[in-house]
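Worksheet for the structure shown next.
What follows is calculated from the coordinates using simple rules that are stated; it is not laboratory data. Since we're looking at a predicted model, the values are computed, not measured. Here the Cβ positions follow ideal geometry from the backbone for every residue, glycine too, while neighbour counts run over all protein chains shown.
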Amino acid sequence: MGLTVTEKVLSSHLGEGRLVRGEELGLIIDQCLTQDSTGTMAWLQFESLRLPRVRCGLAVSYVDHTSLAFQGESADDHLFLQTAARRFGAWYSKPGNGVSHQVHYERFAVPGKTLLGSDSHTPTAGAVGMLAIGAGGADLAVALGGGLFHFRVPRIVRVTLTGRLGWGVAAKDVILDVLGQLSVKGGTGCVLEYAGPGVDTLTIPQRATIANMGAETGATSSIFPSDDVTRGFLRRQGREADFVPISADPDAVYDRELTVDLSGLEPLIAMPGSPDNIRKISEVEGLEIQQVYIGSCTNGSHPDLALGAALLRGRHVNEKVECILSPGSRQAEQHLLDDGSYASFVDAGFRMVEPGCHACIGMGFVPGYQHLSVRTVNRNWFGRGGSANARLILASVETAVASAIAGRLADPRRLEPVRTPDAYADGYLVDDSMLIRPVDETEAAKTELRRAPNIQPIRPQEPPPQVLRGEVLLKVGDGISTDDILPAGPHTLHLRSNLPELAMHAFSLIDRGFARRATEKGGGFIVGGENYGQGSSREHAALAPWQLHVTAVLAKSFARIHRANLINAGVAPLIADTDALDFGDRLELDLSQLERGTILAKNETKGTTFTVRSDLSDRDRGILRCGGLLARTRKMHS
């Protein structure tokens, strides 16, 4: 039996376990990336391991989420991250250099290697045949120290691409079609592996768009073969020596197969509320809009933006629409300046912002009450983008530009087709001056970590009591995202290194009294529905409840990364039919019963019992017994 691309990378990086679906394995990690909103905590956790230097092959600390430093605490975090990178042997990407995922696939990603990142969109690097996985900061800290990343062998979904994209149809429409087929939880526990003749027609930036948004299906990762297109891209980046061809064997076996006919696609959008709320543009064309935002790690590449500029030449955006552009990387920005595309956006009425995450995470350009904002980003839950009252629509660059011109949702196929010349066939403009290289160990040892007062160490993880007792502090429904649990944006991003202060914002968009109640009650339980914790790899969404002494979350199902983050924080993720549980119910759970996989829990308020399941591995249970991953890691090495 042949191997898939995914299996080839997994088998060559197997540190523990077997390559058997559903079994836990330990993966050898070649590269690690952190970003500033999660990175300060990740590097604090790495520091707690008391290792003098990173032990993975390459590590990069990016500043992209808080690059504009709306609060001084963010600038403090940047200085800490820069000195931590120098002290521990990592690269440092300065503010303004771009979004981690785009910069990484441009300058560092290597086919056939593994990447672990403290951001859920880390799989963007799958565009070049790298197995890239998002995780929480504790897992990153262990991997930075040379440890294995533990997860369950995923199912592999073959996504066969046929045909060729027509005019006005983009790679964004491909992944929106996949989301329409799978939903925001249909990829959970899977890797989306792309294959078929249509793959050959896609550039690396187009593949990156698709791999990036695979995270919205709940998938562990997305991966493309490494082929001649990959070689050409790496050659232009001056990195052809990194090229390794990788393709699936003809007799490889998949767990599921999807097909997308590129020739038959039409422009799609995701309407507000969820990335899988998919509609054809022809069904909603004419809906009045108030804002257009183009950029992000999903659609911030030079080819995407140059096409948008070409569509805008000789035109001006509608006077009623606010329009913003933020390239995904400094390299993309330099290309836009070099070929005149930057001026075309400015002349057309766009506001230009330096490369970074910005509006995608609510750092600026927050839409007003009930305003419709067309965005080329990857997420559009209510509360994403900085306001629970805004309405975000996900679209391609072509659709966003057409809508900006019209002042309402518009089909880009109504615009006259344009062609953008390939001006960089001989090589891209490569300027790594905002990437600071690691120094040697002698120089690193002289580096002092610059830690401002707002950068607080996390409290020690302690073993939990055998029997958990407490009240249901909050009951929520299905599809609760990490943005719901701990909102992003200027109110919280500068607090990511101050967990006691940050925790007071937990669930603030849903129940402003939650943190105060949890503090007064001395902790307790959270009850949820299906796919609890979907979205970001933001481990703070697990750490904040832990800080408030939440000891367990009971839900019908969990998103992969958040489930792992809860375990790493020492909070038990337990599966139950939660319909009969209510806010204020007092529960009792005997953790000693976890060994057999089920707990007969008591609802003392209602005088009933109910069954709680766990799908915890032996390693998971060991982490919970110690009180969290860092406590277990220190215990193993003491």
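Close amide H partners of residue 528, meaning residues 5 or more places away or on another chain with modelled amide H under 5 Å apart, are 476, 554, 555, 556.
Put in line by how crowded their Cβ is, counting other Cβ atoms within 10 Å and starting with the fewest, 369, 254 read 369, 254. Projecting label points 7 angstrom from Cα along Cα→Cβ for residue 478 and residue 446 puts them 6.0 nm apart. For the chain, take the longest principal axis of its alpha carbons; what is the angle in degrees between that and the long axis of helix 302-312, to the nearest 10 within 0 to 90? On a 0 to 90 degree scale, this one is about 50. The distance separating the Cα centre of segment 105-123 from that of segment 12-63 comes to 12 Å.
Look at where the Cα atoms of segment 548-567 and of segment 376-390 average out, and the two centres are 23 Å apart.
Taking the Cα centre of segment 124-247 as origin, sum charge times position over the Cβ atoms of Lys and Arg (+1) and Asp and Glu (-1), and report the length of that vector in debye to the nearest 20.
Values: 11 positive and 10 negative charges, 8 e Å.
Using Cβ point charges on Lys, Arg, Asp and Glu, segment 124-247 gives about 40 debye.
Using the Karplus relation 6.51 cos²θ - 1.76 cosθ + 1.60 with θ = phi - 60°, the per-residue 3J(HN,Hα) values for segment 466-477 come to 5, 10, 8, 10, x, 9, 6, 7, 6, 10, 10, x Hz, with x marking Gly and Pro. Straight Cα distances below 16 angstrom link residue 280 to the lysines 172, with same-chain residues fewer than 8 positions distant left out. Across segment 128-143, computed HN-Hα scalar couplings (Karplus, 6.51 cos²θ - 1.76 cosθ + 1.60, θ = phi - 60°) run 10, x, 9, 8, 10, 10, x, 7, x, x, 5, 4, 5, 4, 5, 5 Hz from first to last residue, x flagging Gly and Pro. Counting only DSSP beta bridges with both residues in segment 5-262, the antiparallel share comes to about 20 percent. Pairs over the 25 Å Cα-Cα cut-off, from the set 556/602; 556/606; 475/521; 94/446; 521/606; 113/635: 113/635.
Each part reduced to its alpha carbon centroid, segment 260-318 and segment 429-449 end up 39 Å apart. Applying the Karplus relation 6.51 cos²θ - 1.76 cosθ + 1.60 with θ = phi - 60° to segment 57-64 yields 3J(HN,Hα) values of x, 7, 9, 10, 9, 9, 10, 9 Hz, where x marks Gly and Pro. Around the amide H of residue 407, modelled in the peptide plane, lie the amide H atoms of 318, all under 5 Å away and 5 or more residues distant in sequence or on another chain.
In the chain, the DSSP beta bridges split such that about 35 percent are antiparallel, to the nearest 5.
Determine, for 190, 297, 626, the number of other Cβ atoms within 10 Å of each Cβ, and report the residues in order from fewest to most.
Working: 190 24, 297 31, 626 20.
In increasing order of surrounding Cβ atoms, one gets 626, 190, 297.
For the pair residue 510 and residue 437, label points projected 7 Å from Cα toward Cβ lie 4.8 nm apart. For segment 136-207, applying the loop criterion from DSSP together with a ceiling of 14 other beta carbons within 10 Å to the chymotrypsin sites (Phe, Trp or Tyr not before Pro) yields 167.
Comparing 381, 327, 349 along the charge dipole axis of segment 286-410, the residue lying farthest to the positive side is 381, per the Cβ-charge model. When +1 charges are put on Lys and Arg Cβ atoms and -1 charges on Asp and Glu Cβ atoms, the dipole computed for the chain relative to its Cα centre reaches about 1180 debye. Counting other Cβ atoms within 10 Å as a rough exposure proxy, the listed residues 3, 543, 311 run 3, 311, 543 from fewest neighbours to most. Considering only DSSP beta bridges where both residues belong to segment 286-410, give the percentage that are antiparallel (nearest 5). Around 5 percent antiparallel, to the nearest 5.
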